Every structure is written in C-alpha cells, then in structure tokens.
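Structure first, commentary second.
The values are calculated or read from the model by the stated rules, or taken from the named source; none is laboratory data. Predicted model only: the values in this text are computed from it and were never measured. Cβ placement follows ideal geometry from the backbone for every residue including glycine, while neighbour counts extend to all protein chains displayed.
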Amino acid sequence: MTVIVFIRHAQSNANTQQILSDDINSYPLTDEGQRQAKRAVDEVRKIIFLNFSKIYTSPILRAYQTASILSEGLNLVTVIDDRLKERRLGELNNKKVNMIELMKKIAENRSNTPKDLESWDELTKRIINFTETILSTRENVIVVSHHDPIKSLITYILDLDEFSGLGVILPNASMTILKCFNQNVKDCRLVSIGALTLTNEILMKLKF
C-alpha cells in the first residue's frame, strides 16, 4: 500500500487579493497562511505511523513556504518537482478572475478559453506522471501543490472532466489523500478530498 497526502498550499497574498498567479517568486504566505501550515503539521502528525519518506513540493513560493513549515515540523526532507507547479495561466496570470463565471463561459463556448491557459488534459497528464513516479517507489509521501493540479488528479480518478468537476473546491492547507495498492493511479482510493481535519473516520481508513 502507498499513501500520498496532497496538501494545497496555505493562504497566500494571491488568495487574499483574489489574484491568479503562476509566478515563481511572488505572493508569499500571509500570517494566517503560516498558521494554517502549522495546523497542517499537527494534522499530519496524527498519521506519522505511515512513516513518510519525504515532502515533494511545487517550486512556487507559496507552496515552497508551506512545504518548508511542514518539513521543519515533521523533520522531513523537501524535494522540488516542477510537475507540481500551478496551472500555466497564460493571459490570466496576475489578474483578478471569477473562475466560476469564466468556466461557465468556456463550457458554453470553447472559443472563450483564455490564450495560453494550460489545458486540463495537459495539467492532468503531468500530475498523473508525477503520481505514477511516486507509486513506482512504493514510498508514503507528502505533496504540496496547488488547487487545480490536485483537483485534476481528483477528477481523473472520479472520471470527471474539468466542467463536470466544477464543484470540487479545495481550501487552503487542505488534505486530499490517496490510498493505492498498485501502480495504476486510476485504481487509487480517495480517502479524503480537501479535508482540513483528519477525523477518526479518515484515520481508520488509513490504518486498515
């Protein structure tokens, strides 16, 4: 069995300003974001029996800072992996965008897709590729990434497309946990989606 704990980065200045950004070195964690990351450390300690080998993270600042707090609190090495980056945003980068309204327009007419926005298929392929790499190692790991990369993995496992999975919302510093018994990502079981607290019910699913 392999367990992968995907954690969305904690709150950053981009979140509070409602800005989309795939910039590497912009938008650090807020004070609240730092508190969220520390609470995530406390939650992950509940499943320390899984003997995590390391933390993988997106290189983007808000994710890397989240991973650094986890690394310090859990005494785990951090490894940067570009496959965990934010979705490439194209002309949406560093802009305030109502994503629900935008997705509605794109669903109605694909010509409304913003220029150079990474397609859902491209995004899904790179996050699946990353996950397959982890499954081949058979190590339990923690992964810090962004909303859309983690969501693309969820929709892939649930056999949903970008539009039918629109209601999947992942809070900052939330945990989406996979429990896998082979190297086929599609066969992985979703133990949690965007959980902020590892409840007794979640813990039981990870113990057995």
Hits in segment 154-178 (condition: charged (D, E, K, R) and crowded, with 16+ Cβ neighbours inside 10 Å): Glu162
Condition met for Arg62 (buried (at least 21 other Cβ atoms within 10 Å of the Cβ), in a helix (DSSP H, G or I) and in contact (Cβ under 8 Å) with a residue 12 or more places away in the chain): yes
Complete set of residues in segment 1-34 that are within 30 Å of Phe181 (Cα to Cα) and among the hydrophobic types (A, V, I, L, M, F, W, C): Met1, Val3, Ile4, Val5, Phe6, Ile7, Ala10
Tabulated pairs, segment 118-137, first among the hydroxyl-bearing types (Ser, Thr, Tyr) and at pLDDT 95 or above, second surrounded by 13 or more Cβ atoms within 10 Å (Cβ to Cβ) and in a helix (DSSP H, G or I), C-beta under 7 angstrom, 6+ apart or interchain: Thr124/Ser152; Thr124/Tyr156; Thr131/Leu153; Thr131/Val185
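Matching residues to (1) outside any helix (DSSP H, G or I); (2) within 14 Å of Ser174 (Cα to Cα); (3) in contact with a Gly (Cβ under 6 Å, 6 or more places away or on another chain); (4) without any contact (Cβ under 8 Å) to a residue 60 or more places away in the chain:
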| site | (1), (2), (3), (4) |
| --- | --- |
| Asp22 | yes, no, no, no |
| Asn25 | yes, no, no, yes |
| Arg39 | no, yes, no, no |
| Arg45 | no, no, no, yes |
| Tyr56 | yes, no, no, no |
| Ala67 | no, yes, no, no |
Matching entry among Ile150, Ile127, Ile142 (being closer than 23 Å to Val79 by Cβ and not in a helix (DSSP H, G or I)): Ile142
